[in-house]
Amino acid sequence: MSTDLIVQGLDVETSDLKQLAKLAGAAAIEQLDSRAFRLRGGHAGAGVIEQCAELCEQRRLDHAFVPVERRLSDFRLLVMDMDSTLITIETVDELADMVGLKPQVAAITEEAMRGEIEYDESLRRRVALLKDLEEAALQRVYDERLKLTPGAEALLKKTQALGIKTLLVSGGFTFVTDQLKTRLNLDQCHSNLLEIADGKLTGKVIGAIVNAEGKREALLKMRDELGIRKEQIIGIGDGANDLKFLAESGVSVAYHAKPIVRDKTTHAINYVDLAGVPHLFN
């Protein structure tokens, strides 16, 4: 199978492109935009991948060997995590900041993202710390702190223009995902429902927790509804609890992710933003 080498970075030097082209045996260098290049006609032979990876790591460049035949228009479903992927924040951490407990909650979040503690336990512990938080704090976090990840709208614009459906799977909360669904014209969302009584959070989640298996099941359900194959799915995530749904994706992308995720996905994007994802397709 013929492969091209995609090189992306915040500052891509011509000398680095030439060196990578030589290593990969590429016949031509095509500029995709100011931060992305396709080195055409290369090969991912023995030793080549390792040498290119080493150089790109030294130069803080994202790289990916991709099949020439892979086209974005061949895909039918884009599945994304929310916190620190579609948006820049961890919503539960920001809610905790409202009650002065962000460091404690953020520490639990990090343990879960690294896969060091079981996700259900981590979420219950974090939500319990939010007990008695005013319901209005949810809207404050959305209005004052939530920001879309750079490149998110560009990515969604390109995929939606091709008729690719979108599914947001999140260990976060419906209060946020429902608003993002409307704002970004997403097709489906799957997330956790916080229990609220008398205008305050009770510190509990209603129903089954959306964990790694819950994300996977949401993907499989939508896949079957659409009548598509695994090979027609793109998955993007950053944490250990994303690995199960990423494993069900034909192309999986670790976005500014933990090492455990980067090691188990098709590609990793560590430096550029989400606008770099479409460059992985011809």
I need the phi-derived Karplus couplings for region 184-199: 6.51 cos²θ - 1.76 cosθ + 1.60, θ = phi - 60°, integer Hz, Gly and Pro marked x. 9, 6, 6, 7, 9, 9, 9, 7, 8, 10, 6, 7, 10, 9, 6, x
Starting from the eigenvalues of the Cα gyration tensor, five times each then square-rooted, give me the equivalent ellipsoid semi-axes of region 1-69, largest first, whole Å. 17, 14, 10
Expressed as a rounded percentage, what relative contact order does region 1-69 have, with Cα pairs under 8 Å and six or more residues apart? 48 percent
Test of understanding: in a Gaussian network model of the chain with alpha carbons linked when under 10 Å, which of Gly199, Gly250, Gly151 would top the mean-square fluctuation ranking? Gly199
On C-alpha positions alone, give me the angle between the axis of helix 119-128 and the longest principal axis of the chain, in degrees, nearest 10. 40 degrees
Which Cα, out of Gln51, Ala64, Leu32, lies furthest along the positive dipole direction of the chain (beta carbon charges, K/R +1, D/E -1)? Leu32
Compute the long axis of helix 152-161 from its Cα atoms, compare it with the longest principal axis of the Cα atoms of the chain, and write down the angle in degrees, 0 to 90, nearest 10. 70 degrees
Here the Kirkwood hydrodynamic radius of the chain, Cα-based and in Å, equals 19.7 Å
Per-residue HN-Hα couplings for region 267-273, Karplus 6.51 cos²θ - 1.76 cosθ + 1.60 at θ = phi - 60°, whole Hz, x for Gly and Pro? 9, 10, 10, 10, 10, 7, 9
Could you run the Karplus curve 6.51 cos²θ - 1.76 cosθ + 1.60 with θ = phi - 60° over region 51-57 and give me ³J(HN,Hα) per residue in whole Hz, x for Gly and Pro? 5, 5, 4, 5, 5, 5, 5
Springs between alpha-carbon atoms under 10 Å, Gaussian network over the chain: tell me which of Gly25, Gly207, Gly172 tops the mean-square fluctuations. Gly207
In this structure, among Lys147/Lys258; Lys22/Lys258; Lys158/Lys181; Lys102/Lys200, pairs with alpha-carbon gaps over 23 Å are Lys22/Lys258
Per 5 Å bin, what is the whole-percent P(r) computed from every C-alpha pair distance within region 197-277? 3, 15, 21, 19, 15, 11, 8, 6, 3, 0
With each run of n ≥ 4 DSSP H residues scored as -39500 (n - 2.57), what mean residue ellipticity at 222 nm is computed for the chain after dividing by its residue count and rounding to the nearest 500 deg cm²/dmol? -11000 deg cm²/dmol
Sort largest first and round to whole Å: the equivalent ellipsoid semi-axes of region 86-144, each the square root of five times a Cα gyration tensor eigenvalue. 20, 13, 9
Could you list log10 I(q)/I(0) for region 129-282 at q = 0.10, 0.18 Å⁻¹, which the Debye formula gives when each Cα is one point scatterer? -0.39, -1.20
At a threshold of 8 angstrom on Cα-Cα distance, excluding pairs fewer than six apart, so keeping six or more, what relative contact order does the chain reach in percent? 21 percent
Considering amide H positions built from the backbone, and no H for Pro or chain starts, which residues 5 or more places from Asn270, or on another chain, come under 5 Å of its amide H? His256
From the gyration tensor of the Cα coordinates in region 40-179, what semi-axes in whole Å does the equivalent ellipsoid have, largest first, with each one equal to sqrt(5λ)? 36, 21, 13
Which one of Gly239, Gly115, Gly171 has the biggest mean-square fluctuation once the chain is modelled by GNM with Cα springs under 10 Å? Gly115
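Readers should treat all values here as calculations from the given coordinates under stated rules, not as data from a laboratory. The model shown is predicted, which means the values in this text are computed figures rather than measured ones. No Cβ is skipped: glycine too gets one built from the backbone with ideal geometry, and neighbour counts run over all protein chains shown.
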